[in-house]
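One structure is given here, and the rest of the page talks about it.
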């Protein structure tokens, strides 16, 4: 990463000598309140608070408020605040995002003092839906720039046939990341694709911190760890895992394995 003071002031960036960062996401509880593994979310927040190798967490406004009441100290963690709500449904055997709504206004987030906003940017096929999504992201990015809060755009492709097509998947991912940069996002959270050279291309051209999301729970644990090791060799600033951690048989063991790979690349 270049010697750029703007990047280093961004809580989602890392210095060239630092290991890649490790975030745990528990923001699924709002859209999917009955999701397996999230029955006791504050146990996971306590694990985050107590583990020096976990750099940050993604959670809802209510989860952060409740954690404070329970004396779960997250002050040394980068706190990303979920600010929008999404509902995924099946239509014609395809997963589509049928609803994406803001749940807070930018100024309402001050009560939990987040370091970042975490927002969905679904690259809709319908231009009107995409435009509304863009306007929301831009509004938070502007507010964040004025108040020292970074904005993380999670690039999603529910219902996007160009991303589903292997021949156009990479170009569609690049397009989505470019849109997020143009709207003022400070960092990107992107899905895993098999061609990891695309991650390097995005990092080199857009000059934004990039985080890889964990996606659905993988049934083959060793494959999950091997894939993580491969990702560590690309220009990602870090990783944000949810279900692959709190749906695992042993959460602490999984966290330890991830940390070991981040530190020395061993599986």
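Points worth noting:
- Here the Debye sum runs over all C-alpha atoms of the chain as equal scatterers in vacuum, and log10 of I(q)/I(0) at q = 0.11, 0.14 Å⁻¹ comes out as -0.58, -1.00.
- Note on residue 222 and residue 128: the extension gain reaches 29.6 nm, defined as 0.36 nm multiplied by sequence separation minus the Cα-Cα distance.
- When only alpha carbons of region 88-176 are considered, Rg and Dmax amount to 14.7, 45 Å.
- Note on the chain: helix-only mean residue ellipticity at 222 nm, from DSSP H runs of 4+ residues weighted -39500 (n - 2.57) and normalised by residue number, equals -11500 deg cm²/dmol.
- Per-selection metrics, region 201-244 (Cα): Rg and Dmax in Å: 11.7, 34
- DSSP bridge pairs, the chain: antiparallel proportion in percent, nearest 5: 20
- Sites residue 76 and residue 260 - FRET efficiency at Förster radius 22 Å, r taken between beta-carbons, to 0.05: 0.55
- Over region 13-153, the alpha carbon radius of gyration divided by the compact-protein estimate 2.2 N^0.38 Å works out to 1.11.
- The stretch between residue 101 and residue 66, if pulled fully straight at 0.36 nm per residue, gains 10.3 nm over its current Cα-Cα span.
- The fraction of all Cα pairs in region 163-267 landing in successive 5 Å bins from 0 to the largest distance is 2, 12, 22, 22, 18, 12, 9, 2, 0, given as whole percents.
- For the chain, built as a Gaussian network whose Cα springs stay under 10 Å, the top-fluctuating residue of 91, 169, 132: 91
- Note on residue 92 and residue 52: with the Förster distance fixed at 35 Å, the Cβ-Cβ geometry gives a FRET efficiency of about 0.15.
- Between residue 168 and residue 9, the FRET efficiency estimated from the beta carbon spacing at R0 = 25 angstrom works out to 0.10.
- Residues considered: 70, 80, 183. Largest GNM mean-square fluctuation over the chain, using C-alpha springs under 10 Å, is found at 70.
- Prolate/oblate/rounded call for region 124-209, Cα gyration tensor, a/c under 1.5 rounded: oblate
- Dimensions (Å) - region 212-267, Cα atoms, principal axes, largest first: 28, 19, 16
- Across the chain, the relative contact order, built from alpha-carbon pairs under 8 Å that are at least six residues apart, equals 18 percent.
- Cα-based shape type of region 113-152, given that a ≥ b ≥ c are square roots of the gyration tensor eigenvalues and the cut on a/c is 1.5: prolate
None of the figures in this text is laboratory data; all of them are computed from the coordinates on show. These numbers come from a predicted model, not from an experiment. Every residue, glycine among them, receives a Cβ derived from its backbone with ideal geometry; neighbour counts consider all protein chains shown.
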